[in-house]
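Right, one structure below, let's go through it.
The values are calculated or read from the model by the stated rules, or taken from the named source; none is laboratory data. Please read all numbers here as calculations on a predicted model, not as lab measurements. Here the Cβ positions follow ideal geometry from the backbone for every residue, glycine too, while neighbour counts run over all protein chains shown. Heavy atoms of the whole protein, side chains included, go into the accessibility calculation; ligands, DNA and RNA do not. Shrake-Rupley method; radii C 1.70, N 1.55, O 1.52, S 1.80 Å.
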Amino acid sequence: MRATVIHAPHDIRVEEVPDPAVRQPTDAVVRVVLACICGSDLWAYRGESARQPGQRIGHEFLGVVEETGSEVSGLKPGDLVVSPFVWSDGTCAYCAEGLTTSCAAGGFWGQVGSDGGQGEAVRVPFADATLVRLPAEALSDDRLLAGLLTLSDVLGTGHHAAVGAGVRPGATVAVVGDGAVGLCGVLAARRLGAERIIALGRHGARTAVARTFGATDVVAERGEAAVTAVRELTGGHGAHAVIEAVGTEQSMRTAVAITRDGGAVGYVGVPHGSGTGLDLSDMFDRNVSLRGGVAPVRTYIPELLPDVLDGTVDPSPVFDLTVGLDDVPGGYKAMDERVALKVLVKA
């Protein structure tokens with residue numbers, strides 16, 4: 001089959017690789033229908049996170065089950081399914097607590113020795129626990145199918161940040177970051193009942209999507225100017241809940257600075273470039289909490305899926321460029337150059 005591999009920074013290729021096959025009785029093989037490129041994939045593309053030459057890449061996909069192992073009981077060939085970006089066994093203590101990303105038997109798509117989502121097919125370990133079945137009729141609705149794909153990562157990650165930040169009905173929420181995760185954080189905040197949502201971003205096309213998703217205000221400034229702007233919008237107090245969806249030291253500093261005393265930051269931006277750290281005394285003095293991390297999206301899919309299916313939540317506008325599998329390298333270039341927000345891949 002064909003799959004996307006990374007050989008070196010800025011060297012993404014689509015190559016022939018061995019077809020996936022059932023190796024364990026709990027495996028399934030899924031033929032990929034849709035995949036996408038994640039902002040976190042760009043750190044490998046830019047050489048800021050290490051990859052072995054020829055390693056697979058891509059961790060968001062949905063598709064159709066082609067084959068199942070002898071112990072898979074909840075799925076059958078022909079089922080349309082979505083996969084979270086981490087597989088998990090569903091039986092360990094962490095899985096029972098909903099923290100599927102800490103499953104000792106789990107793993108990430110694209111790690112050494114595993115298939116990546118940006119390919120024609122994927123071998124899925126622990127298929128019953130990992131995959132979530134979708135209505136077959138979604139295959140005929142391109143917009144719905146794109147929205148369902150966000151359940152594999154960005155919608156659940158935005159929701160995780162909103163939960164970590166303590167978003168509640170009537171709250172004022174600020175979202176740091178106008179990438180796909182930040183925009184899904186806006187959507188999640190609206191879904192959880194936030195009264196006011198302040199989106200921090202400088203790119204007009206992205207902030208337009210933020211407003212569509214429920215943002216009531218947009219702050220284009222950065223750094224201290226952004227802090228001043230948010231405080232002015234909130235009567236000097238800051239936001240009850242702040243979603244941090246970038247991962248840099250500056251973005252985290254901004255997030256903490258715009259949080260209201262007694263509020264919380266939900267952080268899901270993949271950390272990179274953090275050198276000197278945060279001033280914990282400021283957080284201590286103002287009773288600012290910090291919660292977040294790798295989103296256990298498998299736990300959130302059953303909660304979010306009905307709202308995507310009935311149109312209450314439509315995250316599909318985060319995709320603004322569609323490519324075929326052979327054009328994935330160009331998709332990376334477009335996202336790296338900020339020509340595209342998030343690239344949809346039709347396998």
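Assorted remarks:
- Rg/Rg_ref, the chain, where Rg_ref = 2.2 N^0.38 Å and atoms are Cα: 0.97
- Between the Cα long axis of helix 154-164 and the first principal axis of the chain there is an angle of about 40°, rounded to the nearest 10.
- Between Val132 and Val82, the built amide H atoms are under 5 Å apart, and every one of these is 5 or more places off in sequence or on another chain.
- Between region 75-95 and region 1-60, the alpha-carbon center distance in angstrom: 18
- DSSP beta bridges fully contained in the chain are about 55 percent antiparallel.
- When peptides 161-174, 303-316 are ranked by their average number of other Cβ atoms within 10 Å per residue, the highest-first order is 161-174, 303-316.
- Working ranking of peptides 175-188, 44-57 by packing, defined as the average number of other Cβ atoms within 10 Å per residue, highest first, is 175-188, 44-57.
- Sequentially through region 245-251, phi angles give Karplus couplings (6.51, -1.76, 1.60; θ = phi - 60°) of 10, 10, x, 8, 4, 5, 5 Hz, Gly and Pro residues having no value and appearing as x.
- For region 125-254, the solvent-accessible area of protein heavy atoms averages 36 Å² per residue (probe radius 1.4 Å; ligands and nucleic acids excluded).
- Amide H contacts under 5 Å for Ala121: Val32, restricted to partners 5 or more places along the chain or on a different chain, H placed in the peptide plane at 1.01 Å from N.
- Karplus-derived 3J(HN,Hα), 6.51/-1.76/1.60, for each residue of region 56-64, Hz, glycine and proline x: 5, 8, x, 9, 10, 7, 9, x, 10
- Protein accessible area in the chain, 1.4 Å probe - carbon and sulfur %: 51
- Farthest positive-ward along the chain dipole, Cα basis, beta-carbon charges - from Tyr94, Val5, Val22: Tyr94
- Qualifying GluC sites (Glu not before Pro) for region 58-96 [loop in DSSP, other Cβ within 10 Å: at most 16]: Glu71
- Ordered from longest to shortest, the equivalent ellipsoid semi-axes for region 2-100 are 27, 18, 12 Å, each the square root of 5 times a Cα gyration tensor eigenvalue.
- Annotation: amide H-H contacts under 5 Å for Leu290 (H modelled 1.01 Å from N, sequence separation of 5 or more, or interchain): Val265.
- Scattering curve values for region 239-319, log₁₀ I(q)/I(0), Debye with Cα scatterers, q = 0.13, 0.16, 0.20 Å⁻¹: -0.53, -0.73, -0.93
- Restriction of the trypsin sites (Lys or Arg not before Pro) in region 170-211 to DSSP coil positions whose beta-carbon has at most 15 other beta-carbons within 10 angstrom yields Arg202.
- When you filter the trypsin sites (Lys or Arg not before Pro) in region 297-341 for DSSP loop state and at most 11 other Cβ atoms inside 10 Å of their Cβ, you are left with Arg338.
- For q = 0.28, 0.30, 0.33 Å⁻¹, Debye-computed log10 I/I(0) when each Cα of region 128-169 counts as one equal scatterer: -0.95, -1.00, -1.07
- Helix 297-309 axis versus longest C-alpha principal axis of the chain: approximately 90°, rounded to the nearest ten.
- Think of a 1.4 Å ball rolled over the protein heavy atoms: region 275-339 then has 53 Å² of accessible area per residue.
- J(HN,Hα) series, region 128-134, from Karplus relation 6.51 cos²θ - 1.76 cosθ + 1.60, nearest Hz, glycine and proline x: 4, 7, 8, 7, 10, 6, 10
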